[in-house]
1. Quick check on this structure: which one of A:332, A:323, A:405 is at positive phi and in contact (Cβ under 8 Å) with a residue 12 or more places away in the chain?
2. Within the stretch A:222-236, can one find any residue that is assigned to a strand (DSSP E or B) and under 20 Å from the mean Cα position of the chain (by Cα)?
3. Output the residues belonging to the stretch A:282-297 that are over 12 Å from residue A:250 (Cα atoms) and touching a strand residue (DSSP E or B) at 6+ places or on another chain (Cβ under 9 Å).
4. Could you please find all residues in the stretch A:183-216 being more than 14 Å from chain B (Cβ to nearest Cβ) and touching a residue at least 24 places away in the same chain (Cβ under 8 Å)?
5. Would you mind listing the strands (runs of 3 or more DSSP E) fully within the stretch A:342-421 where at least 2 residues are touching a helix residue (DSSP H, G or I) at 6+ places or on another chain (Cβ under 8 Å) and at pLDDT 90 or above?
6. Could you check residue A:339 against (1) within 13 Å of chain B (Cβ to nearest Cβ); (2) in contact with a strand residue (DSSP E or B) (Cβ under 8 Å, 6 or more places away or on another chain); (3) over 25 Å from residue A:370 (Cβ atoms) and say which number it fails?
7. Check whether at least one residue in the stretch B:100-108 is within 14 Å of chain A (Cβ to nearest Cβ) and out of contact with any helix residue (DSSP H, G or I) (no Cβ under 6 Å at 6 or more places or on another chain), and report yes or no.
8. Taking the stated definitions as given, is residue A:74 assigned to a strand (DSSP E or B) and surrounded by fewer than 17 Cβ atoms within 10 Å (Cβ to Cβ)?
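The values are calculated or read from the model by the stated rules, or taken from the named source; none is laboratory data. This is a predicted model, so every value here is computed, not measured. Here the Cβ is made from the backbone with ideal geometry for all residues, glycine too, and neighbour counts use every protein chain on show.
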């Protein structure tokens, strides 16, 4: 599982001086946790046991709620409430045994032990019907351990990420994965498929653009396999955002060859043009209870971030720095955007992510280097996912905004083009 | 003396002719009871059918030929304006695609970008490049009804190395033909 390399990029006081930010829910005490697997497992079970351990370590680190010991210990007696290691340091001990079944399923029995009092906190069994789904099994264990210490929820770790993966010219597949890219499954294959966007909070369906005679928007249900055509457009078509209730889409379309932003009503199947500019208007995001949009436009001669109330023609410039601010994501009053601040168009310091507040002059740089693109807020606003291209490698990045930490999960092959979670 | 030779030659020629005639008569009598094997062969056409292309095949061949001749136009980083050099290429493309049978074909202009930026903006930028090329084609005399545009953003590279020369090749508009 070498590809689950978690890099700690930077630890800086990103939000330390922002008086407008919500209060960070910090734990008063960060508990230490050690992990032990059962000894003498079969080769196959041992293989998955090691993989589960690496995912668990990553989850605990990314949560920001644990001081995790990277080393994997071992035990022989599952019932014992103490560690065999006399030098073990920590507050919590997670013991687990992995069982592989002939039908391909995986079973893990896990116990969480309070080492301070040698008491059992929980004992649970977890299973997946196919062993390659083990990352979700590990994420579920991490979520339960996190719940046990009453830390802020990390249930987002159990969610699917959806992204388009470049195969070759004019060919991209849509792939779902866990947030570490350890589990991956191609769900739309063949042809050119881009811009996947979850249809609503349930994440059972997503919208995506498929290039047929014209770029065409489809809605695909992960569970039923239903693939419903929604609308088509000349030139380009992307679903940039979905309203809170899932009934309205912000689409970038070009029915007359000009890329502009439209609101599309899912129920009435009608569209209404929001922006009207002869250059580029793109990447709309709902803000302010879905009454306003934040978007990217080149109306000042270079791409920058603007806001407009739906139904009005007035446009407000939101960002006053950077020479090429070409993508954005919004959560409540906060906007994260991509910016190229170097004079050299292909310099090493190429595209970085910044966060601003619409209610103050707060601004913070979130990434230190590389080509960082396609930022997307999580549904709870506590994390930002993005695509990072650095030294010819594509990776999924996660910024935990309330914990001042950032992690990268490299894609083994191919290139991530667009992403949502 | 000459007379003797002349008589001898004439006599020999007569013998030869008589001999040939007799052989032909033998063959003809042998064919009377034979079964003909050439009835299907006699039904064959003139033999030029193998060289004949259908209209569709001729159009496909024409499209292939023309796409080998039309020139792509290239753009500066983050720009979609048509340079004088590009305008000359587009005028030549417009002339070429307006001649004879080429004038019956539809034109699809595909806008493309380099790998910098995987965002929607890149697709919009590719679209503006296609649109600028379309406007220049129309200004050069090509009917607007014949032209459609589409953007592939950074997803249709002709060069996959990571250097400036390669990126410059990918910031382009291609002229494709449709039957």
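1. A:332
2. The answer is no, given that none of the residues of the stretch A:222-236 is assigned to a strand (DSSP E or B) and under 20 Å from the mean Cα position of the chain (by Cα).
3. A:288, A:296, A:297
4. A:183, A:187, A:188, A:198, A:199, A:200, A:201, A:203, A:206
5. By residue number, A:393-400.
6. (3)
7. yes
8. Yes.
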